[in-house]
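Before any comments, here is the structure.
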Amino acid sequence: MTILALETSCDETAVAILRGRELLASEVASQTAQHQPYGGVVPEVASRNHLMHAPRILRVATANAGISLHEIDAFAATSGPGLASSLLIGSSIAKGLALGFSKPYLAVNHLEGHLLSPFFLSATGILPVSNNKHGLEAPATDEIVPNISLIVSGGHTLLIEVQSVGHYRLVGRTADDAAGEAFDKVAKMLGLGYPGGPEVERRARHGDPERFDLPRSMIASGDHNFSFSGIKTAVRYLLPRLHAEDTDDVCASFQRAVIDVLVQKTMRAARACGAKCVTISGGVGLNQQLRGELREACENAGLRFLAAAPEICTDNAAMIAFAAALRLESGSSSSVTDEIDPNLAIA
Ligand code: KG4
Ligand code: ZN
């Protein structure tokens, strides 16, 4: 079974081709440079760029995979959540291809793509080579479920209890900004450019995380929800008395506070759900400090820990192809009349 998937939910134009569990191609055209001057994603600019890049990325993906579109068994695309005008481009292309080649179409929830990505490993070298050739991590199912999944990206901060593919329960979410959004906004305030996460992490390595006492909002709220707008505001209030040489300390103190909240609340949710495993996915999941501390907390608690491979943390189509493959294997597909849904929920 060979699946071609498109991901255009935000500002990355991505195409992947998956045969069985082997990732034949995974191409991403980033629009970061186009959005950089605005300090965030501009929907109109994003959809124009998707339209411009998609045909080329499709050609590159099929060429790299060494196959023609005639050999594709199903076409998939992200159908939400995301920017409506961006989602429309990828889903329209996938629907057109499915209709043209008389093959099934699969609408994939972007969040399910992230959620399943820690379980996806390829043997092709594009992603880390796994010991088993089947893509799914070696542990038996009863060692990894129930599972608490932390999806932490520029648009989302979610805790989801996973029982099996398709059986998800929303346990916690952010009440305001996503963690990645907070990284981006703080970076913008400090003049560090967009996207902010990688640069904040780089500066934090040289800074003192104890220098500024920033709020750990909702850390003791008793539920599993998050709030990251308070810490952003706290950094804004610091700005008038900051000098350039303080930037590393602000980054370190900010990152320390965000990670404290993410790790403590994820572990609390894992305890409450009797989880055997914790997973992390999404762009903020690239943060080495966060990955390391969550791994350590899981080891101390005797839980398994799986992190999405760095190559598939930020938005990509490989995770969409993988989610589509699991759906198709369970016998489900979508109708080409299914609409995109910018607010699509996962549970
Ligand atoms: O998953 P993603 O591409 O976006 C959404 O689907 O929303 O993640 C992008 C986000 C951005 O907010 C970016 O600043 C953040 O991930 N990010 C990081 C790091 N690398 C990317 N945040 C913290 N530390 C990093 N190393
Ligand atoms: Zn995403």
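The values are calculated or read from the model by the stated rules, or taken from the named source; none is laboratory data. If you're wondering where the values come from, they're calculated on a predicted model, not measured in any experiment. FYI the Cβ positions are ideal-geometry reconstructions off the backbone, even for glycines, and counts take in every protein chain you see. Note: areas computed on protein heavy atoms with side chains; ligands, DNA, RNA excluded. Shrake-Rupley method; radii C 1.70, N 1.55, O 1.52, S 1.80 Å.
So if I check each of GLY39, GLY113, which one is under 19 Å from ASP341 (Cβ atoms) and touching a residue at least 24 places away in the same chain (Cβ under 8 Å)? Answer to the selection: GLY113. With respect to GLU245, is the statement that it is within 16 Å of ligand 2 (Cβ to nearest atom), in a helix (DSSP H, G or I) and either among the hydroxyl-bearing types (Ser, Thr, Tyr) or open to solvent by 60 Å² or more (accessible area, probe 1.4 Å) (or both) true? In short, no. All of LEU294, LEU303 fail the test of being hydrophobic (A, V, I, L, M, F, W, C) and either within 25 Å of GLU201 (Cα to Cα) or within 16 Å of ligand 2 (Cβ to nearest atom) (or both), apart from LEU294. Can you tell me which residue is nearest to ligand 1 (Cβ to nearest atom) among those in the range 258-286 that are closer than 15 Å to GLY180 by Cβ and open to solvent by less than 10 Å² (accessible area, probe 1.4 Å)? Among those that are closer than 15 Å to GLY180 by Cβ and open to solvent by less than 10 Å² (accessible area, probe 1.4 Å), it is GLY282.
Against the conditions (1) within 16 Å of ligand 2 (Cβ to nearest atom); (2) at pLDDT 95 or above, PRO195 satisfies every one except (2). Cβ-Cβ contacts under 9 Å between residues 6 or more apart (or on different chains), taken from a first residue in the range 155-180 that is small (Gly, Ala, Ser) to a second residue that is open to solvent by 50 Å² or more (accessible area, probe 1.4 Å) and away from ligand 2 (no atom under 15 Å from the Cβ), are listed as SER164/THR141; GLY166/ARG327; GLY166/SER330; GLY172/ASP223; ALA175/MET218. Annotation: of all residues in the range 306-340 being within 15 Å of ligand 2 (Cβ to nearest atom) and open to solvent by 50 Å² or more (accessible area, probe 1.4 Å), the one that is farthest from TYR105 (Cα to Cα) is PRO310. Return yes or no: is SER164 of a type in the set (S, T, N, Q), open to solvent by 30 Å² or more (accessible area, probe 1.4 Å) and more than 30 Å from ILE320 (Cα to Cα)? No: the conditions fail for SER164. Residue count for the range 256-283 satisfying the condition of being assigned to a loop (DSSP other than H, G, I, E, B) and under 19 Å from the mean Cα position of the chain (by Cα): 1. Scanning the range 192-202 for residues that are assigned to a helix (DSSP H, G or I) and open to solvent by less than 60 Å² (accessible area, probe 1.4 Å), we see that the one that is nearest to CYS313 (Cα to Cα) is GLY197.
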